[in-house]
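Read through the structure below, which is laid out as structure tokens, and then see the notes.
The values are calculated or read from the model by the stated rules, or taken from the named source; none is laboratory data. As the structure is a computational prediction, the values presented were derived from the model and not from experiment. So basically every Cβ, Gly included, is an ideal-geometry build from the backbone, and we count neighbours across all protein chains shown. Accessible surface areas use protein heavy atoms only, side chains included; no ligands, DNA or RNA. Shrake-Rupley method; radii C 1.70, N 1.55, O 1.52, S 1.80 Å.
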Amino acid sequence: MTVPGHRGPGKVSATAVAADSDLAARRRVNLARLLHPKSIAFIGGRGLVPAIKSCERIGFAGDIWVVSTSQDDIAGHRCYRSLAELPGRPDAAFVVVRREATIEVVRDLAAIGVGGVVCHAAGFAEVGGDGERLQRELVAVAGDTALVGPNCYGLLNFLDGAALWADSHGGGKQKDGVAIVSQSGNISLNLTLTDRSVPIAHLISAGNQAVLGLGDFIPTLVDDTRVKAIGLYIEGLNDIAGFSRAAEYAMARGVPIVALKAGTSDVAQRLAMSHTFSLAGSDACYNALFNRLGIIRAPSLTAFMETLKLLATSGPLSGGKLGVLTCSGGDAALAADIAQPLGLSFPELDAAQTAALRAQLPAFVSIANPLDYNTSIWGDPLELLRCFTTVMQGAQDATLLIMDMPIADETLALAYEQCIDALIAASATTGGKAMVAATFPELLPAKARKRLIAAGLTPLQGLEEAMQALAGAAWYGRHQTARQAAAKAGKLCLPAAVSAPSAAVRQLDEPESKARLAAFGLVLPEGGVVAAAKAAAFAESLGFPVVVKAISAGLAHKSDVGGVALGLETG
């Protein structure tokens, strides 16, 4: 099924492909104008007030022009009666009118050369029937305009203060951070309200994606050096080839992508279709796609946010070896239990570290990694620094201090703050990456989080989410290293169709099919083609168990004719 407004598969000419490429290039230029506007036109009525006030609160320094046929003044700005009266060509427009009028306004905006438009109105393809027709009309009049929506909240740019957003929201001015693109408006909104110190730079509610799909936003966001990582809330993808090219662009430039994929259950898949007209698709296929493109998959919204925070503050990890500091044996055991299934490990302390810690800590302390250093050095900043520095001189890729801080008692808080000071100093001395994790999300106060982030350390809220974030950052680091070693740039994406297929179509046999897949970087099991008489010896050289298959280009379904034998243990 094809979403209205999206080009589906089919036979296309080289001329049509070239025209599409030119349209996409113009639209990408316009998307950059939309995401970083110097001027914004707000079109509608009193529903524009929250967006205009948000621009002013965040600190938008460009021009704000308000167009209304019924109001003289909205949010302290005089209203123009038509687009023709505007003093210039807006980079961005926020349209809050009924759905039929939205089409008329977008047509007029495209005619005057607007960069991009956010269409808030619902009632398009997501409702079916007449809504699908209206969405096709909207796409037709948009031309090369970068159109977001319809059926969306809009977008927020916390870097430059631009708010094309239809409701109240959280968040504030940032100098850099993460960009989040979501197929759910309400989840987008909720992400701005969380108390997790995630530096949100851009937030985009994609809605029906009539013109711009999730992948279309990625290259422009990657090109903004202030964007450290990109988060995607995905219900379904309709242009896998385009999305893959965008994801490879991000990967080649070292900008990590974190995805939260909804729609793994039958009920959720039906809801996704009625929500934003997105096909949820096979979860196994999405896993394969994400793994191939180096996209970190988050298991929950909280892990999604913690992973983005870690990537924005500390960046990817080179591997999954952790050093862990705690004053609780229980915390140490929990950390080990959570970490192991995620592929994280704890390298042993070397002889010099062990000797130094044994000389410093009481005899009853077990010198190991994770290290329960007990409370004998609490309240002594120099001894804390000495202990933490010793541990951070190990072979780990990152060091995690597990600590839940009291919120109400300022006297007790001082000792915890001394631990933070010691970790910051140890990180500066050793050059190692360090994080603090609270076992309970609410037990790492905002003041402490701010102090850590300012020093380049990541505050992680929730021990399980912390380990999931560390595992994701480590997986991405390993994936990048392997990709660079394999030098497979350009081989991770489906090729764009350039012409109608030749009439001389033939069916490939399995070895030739696999050879073509391998050329795109697909990892295939070891094997080979041999005559039946040599099969036993070849199987022995591969190592058992093996699978044996008959080979023929005309044999599409081998199992139907007994042409497949599985799990053979001997020749």
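Test Leu193 against the criterion of being under 23 Å from the mean Cα position of the chain (by Cα) and under 28 Å from Ser21 (Cβ atoms), and give yes or no.
no
Can you pull out the residues in the stretch 326-341 that are within 13 Å of Leu463 (Cα to Cα), hydrophobic (A, V, I, L, M, F, W, C) and touching a helix residue (DSSP H, G or I) at 6+ places or on another chain (Cβ under 9 Å)?
Listed by number, the residues that qualify are Leu334, Ala335, Ile338, Ala339.
Within the stretch 325-400, considering only helices (runs of 4 or more DSSP H) that don't extend past its boundaries, which have at least 2 residues that are among the β-branched types (Val, Ile, Thr)?
It comes to 381-392.
So, Leu189, is that one under 23 Å from Cys119 (Cβ atoms), open to solvent by 10 Å² or more (accessible area, probe 1.4 Å) and in contact with an Asp or Glu (Cβ under 7 Å, 6 or more places away or on another chain) or not?
yes
Kindly indicate which of Ala303, Ala298 is in contact with an Asp or Glu (Cβ under 7 Å, 6 or more places away or on another chain) and open to solvent by less than 30 Å² (accessible area, probe 1.4 Å).
So the residue among Ala303, Ala298 that is in contact with an Asp or Glu (Cβ under 7 Å, 6 or more places away or on another chain) and open to solvent by less than 30 Å² (accessible area, probe 1.4 Å) is Ala303.
Residues to consider are Ala61, Ala92; find the one that is among the hydrophobic types (A, V, I, L, M, F, W, C), within 22 Å of His169 (Cβ to Cβ), open to solvent by 20 Å² or more (accessible area, probe 1.4 Å) and in contact with a Lys or Arg (Cβ under 9 Å, 6 or more places away or on another chain).
After ruling out the rest, the residue left standing is Ala61.
Checking Cys493 against (1) modelled with pLDDT of 85 or more; (2) open to solvent by less than 40 Å² (accessible area, probe 1.4 Å); (3) of a type outside the set (Lys, Arg), only one condition comes out false. Which one?
Among (1) modelled with pLDDT of 85 or more; (2) open to solvent by less than 40 Å² (accessible area, probe 1.4 Å); (3) of a type outside the set (Lys, Arg), Cys493 violates only (1).
Select from the stretch 440-482 the residues that are in a loop (DSSP other than H, G, I, E, B) and within 17 Å of Phe304 (Cα to Cα) and write down the one among them that is least open to solvent (accessible area, probe 1.4 Å).
Within the stretch 440-482, the match that is least open to solvent (accessible area, probe 1.4 Å) is Gly462.
Exactly one condition in (1) hydroxyl-bearing (Ser, Thr, Tyr); (2) part of a helix (DSSP H, G or I); (3) touching a strand residue (DSSP E or B) at 6+ places or on another chain (Cβ under 8 Å) is false for Thr411; which is it?
(3)
Return the residue satisfying two criteria in turn: it lies in the stretch 508-530 and is aliphatic (A, V, I, L, M) and at pLDDT 80 or above, and of such residues it is most open to solvent (accessible area, probe 1.4 Å).
The extreme case among them is Val529.
A quick yes/no check of all residues on (1) touching a Ser or Thr at 6+ places or on another chain (Cβ under 9 Å); (2) surrounded by fewer than 22 Cβ atoms within 10 Å (Cβ to Cβ); (3) at pLDDT 95 or above; (4) within 20 Å of His36 (Cα to Cα):
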| residue | (1), (2), (3), (4) |
| --- | --- |
| Ile180 | yes, no, yes, yes |
| Gln183 | yes, no, yes, no |
| Asp195 | no, yes, yes, no |
| Ala210 | no, no, yes, no |
| Ile230 | no, no, yes, yes |
| Gly236 | yes, no, no, no |
| Gly242 | no, yes, no, no |
| Ala247 | no, no, yes, no |
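Of all residues being open to solvent by less than 70 Å² (accessible area, probe 1.4 Å) and at pLDDT 85 or above in the stretch 545-563, which is farthest from the chain's Cα centre (by Cα)? Just the residue, please.
The qualifying residue farthest from the chain's Cα centre (by Cα) is Ala550.
Looking only at the stretch 397-411, which residues are within 15 Å of Thr458 (Cβ to Cβ) and open to solvent by 30 Å² or more (accessible area, probe 1.4 Å)?
Matches in the stretch 397-411: Asp397 only.
Working carefully through the options Gly185, Gly171, Gly161, Gly113, find the one that is under 25 Å from Leu237 (Cα atoms) and either under 24 Å from the mean Cα position of the chain (by Cα) or of a type outside the set (D, E, K, R) (or both).
Gly185
Going through the stretch 531-544 one residue at a time, which ones are open to solvent by less than 80 Å² (accessible area, probe 1.4 Å), under 16 Å from Glu569 (Cα atoms) and among the small types (Gly, Ala, Ser)?
Listed by number, the residues that qualify are Ala535, Ala536, Ala537, Ala539, Gly543.
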